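Asker: Take a look at the following structure, please.
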Amino acid sequence: MSLDVTRAEPLHDARQRLEHSRTSRLAQLQALDETRQATEDHLLAGQKTAMERVLKEIEEAFARIEDGTYGTCLACGKPLPAERLEILPYTRYCVACQRRSA
Ligand SMILES: [Zn+2]
């Protein structure tokens, strides 16, 4: 096993944060599904859609780690601040571009 540590190391944290985000979303989604079977609440359905969207963004972030574009804003191409990636490891846009698109 010859892992390129110097290259893998900075993204190691990102991967872990993404894994963590995904695991917790999946757990929430499962809990939501179980609740929903009992109640059929529209609000819960909305939450589920939002969570599925986040999960999709997490998957996309994993793909960006693979292709080497992780950590840059998809709109302006600037590097995303580390603090932002810590809070939102799957974010696609910097704060300025996020605001513009919202
Ligand atoms: Zn941007």
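Asker: Every residue in segment 61-75 that is surrounded by 13 or more Cβ atoms within 10 Å (Cβ to Cβ) and either within 10 Å of the ligand (Cβ to nearest atom) or small (Gly, Ala, Ser) (or both), please.
Answerer: Residues satisfying the conditions are Ala61, Gly71, Thr72, Cys73, Leu74, Ala75.
Asker: Failed condition for Ala27, given (1) over 12 Å from the mean Cα position of the chain (by Cα); (2) within 16 Å of the ligand (Cβ to nearest atom), with all others met?
Answerer: Exception for Ala27: condition (2).
Asker: Residues Arg53, Arg92: which one is crowded, with 17+ Cβ neighbours inside 10 Å, without any contact (Cβ under 8 Å) to a residue 60 or more places away in the chain, among the charged types (D, E, K, R) and more than 8 Å from the ligand (Cβ to nearest atom)?
Answerer: After ruling out the rest, the residue left standing is Arg92.
Throughout, read-outs are computed from the coordinates displayed, never taken from laboratory work. This one's a predicted model, so the numbers in the text were calculated from it and none came from an experiment. Note that each Cβ is placed from the backbone with ideal geometry, even for glycine, and that neighbours are counted across all protein chains shown.
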